[in-house]
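Only the coordinates and a few stated rules stand behind these numbers; no lab work does. Just so it is clear, the structure is predicted and the values come from calculations on it, not from any experiment. Backbone-built Cβ (ideal geometry, glycine too); neighbour counts: all protein chains shown.
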Amino acid sequence: MAQNITLLGASYSDVPSVELPKTGGGTAQFDDTTDANATAADIALSKTAYVNGVKLVGTNQGGGGVDAGQVYQDGAGYIVLDDDSGGKYDPSDATATAADILYPKTAYVSGGKVTGSIVTKSSSDLTASGATVTAPAGYYATAATKSVASGSATPAASISATGATVTAGTNTLTFSKSVSNTPQVSAGYISAGSSGNTSVSLTASIDTRSSSDLTASNLTVTAPSGYYASNATKTLSDEYLLAENIKKNITIFGVTGSFEGGGGGGLVYETGTWTPATDSEGYFINFANSHTTAPFYYAISCTSEFVSSSSGGLIYTNLHQATGEPLHTSATGLRYGYAQRIASGGSNSTSNVTYPYTNQGDSSASYSRYWAKETGINAPQYSSGYPWRAGSTYKWIAVWAPTS
Amino acid sequence: MRYYKDIQDGFIAAIGTGGGGVEITETEYETILEAIRNKPARTDTTDYHLRQDLTWEEYERIEPQPDDDEEAAPEEVLDILLGGADD
């Protein structure tokens with residue numbers, strides 16, 4: 001500090017220092033330090049300085065006598081003193097910028113003190129538009145959320161379609177119709193899942209059929225196209241499809257024939273055999289078919305072992321033989337006998353010849369069987385009274401004239 | 001061919017082919033025929049009926065009486081053949 005001094009009776013004003021010669025030579029300068037206000041803490045460690053006439057030794061480890069926590073420049077850049085350790089921090093290599101620091105925080109970086117530019121944001125800053133949620137740039141100290149509107153997609157409750165196409169397959173009937181279902185959608189968030197069921201109805205027309213629609217011509221049955229809800233049947237018939245019109249044991253459309261016989265030239269005949277189990281006086285020959293007249297010809301032969309003309313093996317017919325004598329007497333030769341009158345009821349016979357006639361004692365005119373009876377003296381067993389021998393097989397034939 | 005058996009009074013009276021009787025199979029026909037041809041010999045006073053089980057039952061034979069119907073004359077017979085007679 002400059003002072004007004006008096007030296008050797010002379011006054012000097014604003015004298016900052018005095019320089020005096022030293023014993024032994026040289027000079028010594030003396031400065032006025034009364035206006036200095038530094039303390040030892042303000043002076044770098046181990047450095048000295050005169051303050052108000054006192055020499056101080058610095059205790060500041062940062063040197064220079066700066067308070068902790070202060071920032072000062074020592075020509076090498078800005079220096080920030082650590083409060084605790086008093087160390088120096090050189091920010092010249094700091095890489096942070098304002099864009100890296102939250103606003104309005106400040107920091108010392110290589111370019112000096114900066115104020116952060118990162119703006120703090122929150123949920124209230126989020127915006128939503130359609131399906132887009134926007135979070136503006138900034139710092140979110142906590143998770144930010146934004147609710148969006150709920151949307152919906154509702155299909156039509158029902159779909160009707162007429163005019164479906166009907167296609168008939170081998171064993172299937174297919175209805176087809178293309179339909180579309182456009183759901184009504186409201187904007188917003190739609191969660192996963194289903195929403196509503198849509199019933200679909202298809203309408204197609206097809207002719208329905210039943211048994212009554214079947215037609216028949218001879219053996220051809222026609223079923224018109226259409227849908228049959230159940231089995232359709234049609235029974236074919238013919239008034240002449242009768243057992244008596246079909247040859248015996250031949251089955252035509254489930255009708256087994258019973259007609260026996262045949263004949264050339266339109267004649268109708270029947271044949272049969274019988275073998276008595278016991279010697280018998282007579283035997284009913286039953287025809288297989290009903291006839292409206294008596295046969296005009298009949299014959300009975302014996303196919304058993306040989307018997308003489310007097311003892312058996314006789315062939316009985318209704319053909320007339322004038323003399324009544326046998327034409328031949330071989331075992332199976334035909335022997336003519338007397339023709340017999342064929343009458344209903346009663347009987348007509350000779351004592352020599354077998355005579356078939358309608359049911360003995362039956363007044364009916366039905367010609368369904370004949371009573372073969374032998375009482376003639378030429379009967380093989382007449383002496384025993386039973387012409388039809390047990391064990392002998394007799395053949396018979398009856399012939400009718402054709403009916404118109 | 002249709003085979004049959006005649007049942008009279010519970011016995012098999014005869015077997016045959018053609019119409020009538022109770023229809024049987026050819027096998028049954030042949031079986032009954034074999035039984036018939038093995039019938040026990042009859043006598044003047046006894047004969048046998050064939051039961052349905054194909055066993056024989058003896059019975060007393062009754063001599064039949066001849067009919068006393070008149071014999072038709074040949075002319076009458078010819079008339080029948082020519083269709084002039086009435087039934």
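What is the extension gain from residue A:94 to residue A:216, computed as 0.36 nm multiplied by their sequence separation minus the C-alpha to C-alpha distance, in nm to one decimal? Walk me through the numbers before you get to the answer.
Working: separation 122, 0.36 × 122 = 43.92 nm, distance 11.01 nm.
Net length gain for the segment: 32.9 nm.
Shielding by partners for peptide B:28-38, expressed as the average number of C-beta atoms from other protein chains within 10 Å of each residue's C-beta, is 2.
Take A:107-118, A:125-136 and order them by the average number of nearby Cβ atoms within 10 Å per residue, most first; the result is A:107-118, A:125-136.
The mean number of partner chain beta-carbon atoms within 10 angstrom of a residue's beta-carbon across peptide A:243-252 is 1. The distance between label points at residue A:269 and residue A:291 comes to 1.2 nm (points 7 Å beyond Cα on the Cα→Cβ vector). Averaged over the residues of A:390-400, the number of partner chain Cβ atoms lying within 10 Å of the residue Cβ comes to 3.
A straight chain from residue A:12 to residue A:231 at 0.36 nm per residue would run longer than the Cα-Cα distance by 63.9 nm.
Packing here is the average count of other Cβ atoms within 10 Å per residue, and on that basis the peptides A:240-248, A:266-274, highest first, run A:266-274, A:240-248. In this simple spin-label approximation, residue A:255 and residue A:123 carry label points 7 Å from Cα along the Cα→Cβ vector, and these lie 9.7 nm apart.
Could you calculate the FRET efficiency of residue A:115 with residue A:168 from 1/(1 + (r/R0)^6), where r is the beta carbon distance between them and R0 is 56 Å, rounded to 0.05? Spell out each step's value before the answer.
On the way: r = 87 Å, r/R0 = 1.55.
Calculated value: 0.05.
Beta bridges per DSSP, both residues in region A:81-221: antiparallel share near 65 percent.
Can you compute the label reach from residue B:55? Point 7 Å from Cα along the Cβ direction, backbone N cut-off under 20 Å, restricted to region B:1-45. The answer is B:7-14, B:31-42.
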